[in-house]
Amino acid sequence: MVAAEGMPFVKTGGLADVIGALPKALQALGVDVRVMMPKHRTVKEQYEDALETLATTTLQLGWRQKYLGVQTLRKDGVEYYFIDNEDYFMGPVYRGGDAENEQYLYFCKAVCEALALIDFTPDVLHLNDWHTGMVPMLLKTQYGGRQNGGRQDAAPTRNSYEARTLFTIHNIQFQGKMDFRTMKDMLSIPDYYYTPEYVEADGCANMMKAALVFSDRISTVSPNYAHEIMNAYFGLGMEGILSARRQDVSGILNGLDEVAFDPAHDPALAAPYDAGDLRGKLVCKRDLCRQFGLGGAGGGQSPHAPIVAMVSRLTAQKGFDLVRYALEELLTTEDVRFVLLGSGDRPYVDFFNYIAGKYPGRAGVYIGYDEALAHRVYAGADFFLMPSQFEPCGLAQMIAQRYGTLPIVRETGGLVDTVAPYNRFTGEGTGFGFATFNAGDMLAAVRLALSVYRDKPAMRKLRRNAMALDNSFARSAEQYLALFRAMR
Ligand code: ADP
Ligand code: GLC
């Protein structure tokens, strides 16, 4: 399994959660899983003494000779291989622009080289997102990999370069686009590959495109998103190749690491709780109010006001334009408290700082990235707002459900597959939903949620439904295993 980030070593978003949880779930099914990722600064800082060096060598990147170290570490029963090059990986995980393209072109090449340096021959290489996108093409055009994907050929894999490749799309918005010169300068790929049949998309070299052309199978992280990306609105230029390869595309829902996200045993929380006894959740709510200086919610003897929270990257994908439009109306017309934990794009940061300044006691804002605080927000809130414009799967809403915090989501991508919107006639549901990407519709969904909050038995029932969901990775791991088997 190859990726740019993974828990517990480095995390910027849900990809890391998946790379942290899926290997363990597959191992429980008897699969021998190894994980390969860059040795980012946090790995060096926290694990340097535990790492064992397997190889130190160089690789050719166009005209450059670049250092390549391969180091290994066993953690929680999983074997990790780290690609070591401090020039590329001691700075930000994603450097942005062409510096980032170069980081991950190097990574793809390094992964191919490293396969010959480790004592392990995979049957399947599971590649994740554009950062790994050139691997299938390099294997097939430069390392003697099988051209036909082996689908008619049941012979066992003889060397790592013959491994089948599965490419999983976690986020199609990021594709690794660059001008041809940048890619040509780093990878020695013949010119005839720089065409729309191979690595070109929209006049650029595109690493995700190369992955979608050359990998044996393609998957994405929810069944609904697998359909959506066949269309231009969601496919963002990849809809053509995805539709053409429709037969090879599947959608497998993400799951959670249910040990890492467990309100009954979460060291970050002020008090533990579970579906049978929610008293601890009230303690967590009070704690959250204290931390964010919120009044009238969870404070004193009778905590009354509901808390709507968000934990998110601050980007347009997550629906922050709707929030920017509607939040003040919400705060001034309803008895509600709002909490945000996030980091990202400047205009949203500015907006939330303005909100925090204007509505002290009603809105609490923490700009930054903080894993433990995130857990306390999931636990202390009543509702979790996630009005995404698009959402391949989304883990945050599943974490919220597990913590008994009801998600309010836009019905898109994986949010459709994971949140059953409240039905006021039957009382069923595991959250709230709205269909159109529109601030008024979002507000209406939040108001519906607030009305249910006032109806204690209805609220209790929804909380229980949400907490009873099986969002573990066990179920998804079986689907991955079936897919791996079908690729032999
Ligand atoms: P995405 O991967 O698109 O960001 P997901 O919902 O799949 O969205 O996963 C986001 C993950 O990152 C969740 O585990 C969420 O709790 C975490 N996260 C996002 N922003 C922050 C933050 N500022 N601090 C701590 N955790 C965060
Ligand atoms: C991406 C998506 C998110 C998904 C995560 C893990 O970051 O934006 O929806 O849950 O990857 O697959």
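Read-outs throughout are calculated quantities, based only on the coordinates presented, and are distinct from any laboratory measurement. Note that the coordinates shown come from a computational prediction; the quantities given were computed from them, not determined experimentally. Don't worry about glycine lacking a Cβ; one is built from the backbone with ideal geometry, like all the others, and counts go over all protein chains shown.
Annotations for the structure displayed:
- For E334, net neighbour charge (Lys/Arg +1, Asp/Glu -1) across residues whose Cβ lies under 15 Å away: 0
- The angle separating the long axis of helix 14-27 from the principal Cα axis of greatest extent in the chain is about 70 degrees.
- Antiparallel DSSP beta bridges within the chain, percent to nearest 5: 35 percent
- Placing +1 on the Cβ of every Lys and Arg and -1 on the Cβ of every Asp and Glu, with no other charges, gives the chain a dipole of roughly 920 debye about its Cα centre.
- Convex hull volume per residue for the range 185-274, taking Cα atoms only, in Å³: 181 Å³
- Part-to-part distance (alpha-carbon centres) for the range 172-243 and the range 337-390, which is given in Å: 34 Å
- Rounded tilt (10° steps) of 279-292 against the dominant C-alpha axis of the chain: 80 degrees
- Residue-wise HN-Hα coupling along the range 128-139, computed from phi with Karplus coefficients 6.51, -1.76, 1.60 (Hz; x: Gly, Pro): 10, 6, 4, 4, 10, x, 7, 4, x, 5, 4, 4
- Exceeding the 20 Å Cα-Cα cut-off - candidates K109/K177; K358/K456; K318/K358; K281/K461; K24/K209; K75/K281: K358/K456; K318/K358; K24/K209; K75/K281
- Amide H contacts under 5 Å for I408: F384, L385, M386, F432, restricted to partners 5 or more places along the chain or on a different chain, H placed in the peptide plane at 1.01 Å from N.
- With contacts taken as Cα pairs under 8 Å at a separation of at least 6 residues, the chain carries a relative contact order of 13 percent.
- Electrostatic bookkeeping for E5 treats Lys and Arg as +1 and Asp and Glu as -1; over the other residues with beta carbon under 14 Å from its beta carbon, the sum is +1.
- Relative contact order computed over the range 157-288 (Cα-Cα under 8 Å; 6+ residues apart), in percent: 19 percent
- Sequentially through the range 196-212, phi angles give Karplus couplings (6.51, -1.76, 1.60; θ = phi - 60°) of x, 6, 10, 9, 8, 9, 6, x, 10, 7, 9, 5, 5, 4, 4, 5, 5 Hz, Gly and Pro residues having no value and appearing as x.
- Degrees between helix 439-454 axis and first principal axis of the chain (Cα, 0 to 90, nearest 10): 50 degrees
- In order along the range 468-473, the Karplus-derived 3J(HN,Hα) couplings, from 6.51 cos²θ - 1.76 cosθ + 1.60 at θ = phi - 60°, round to 7, 5, 9, 9, 6, 7 Hz, and Gly and Pro are given as x.
- Highest average first, the peptides 93-100, 304-311 ordered by how many other beta carbon atoms sit within 10 Å of their residues are 304-311, 93-100.
- Positive-end residue of Y67, G77, V135, charge dipole of the range 32-157 with Cβ unit charges: V135
- Scattering curve values for the chain, log₁₀ I(q)/I(0), Debye with Cα scatterers, q = 0.08 Å⁻¹: -0.50
- Sequence ranges 457-465, 12-20, ranked by mean other-Cβ count within 10 angstrom, highest first: 12-20, 457-465
- Note on K184: aspartates and glutamates with a C-alpha under 14 Å away, same-chain residues under 8 apart excluded, are D98, E102, E200.
- Working value for the range 279-471: equivalent-ellipsoid semi-axes of 22, 20, 16 Å, each the square root of 5 times a Cα gyration tensor eigenvalue, largest first.
- Radius 12 Å from Cβ of A114, net charge of other residues (Lys, Arg +1; Asp, Glu -1): 0
- Dipole axis of the range 237-292 (+1 Lys, Arg; -1 Asp, Glu on Cβ), positive-most option in V249, P263, L278: L278
- Interchain or long-range residues, amide H under 5 Å from T220's placed H: I169, S250, G251, I252
- In a reduced charge model with +1 at each Lys and Arg Cβ and -1 at each Asp and Glu Cβ, the range 279-471 shows a dipole moment near 740 debye about its Cα centre.
- For the listed peptides 384-395, 419-430, 52-63, a ranking on the average number of other beta carbons within 10 Å per residue, highest first, reads 384-395, 419-430, 52-63.
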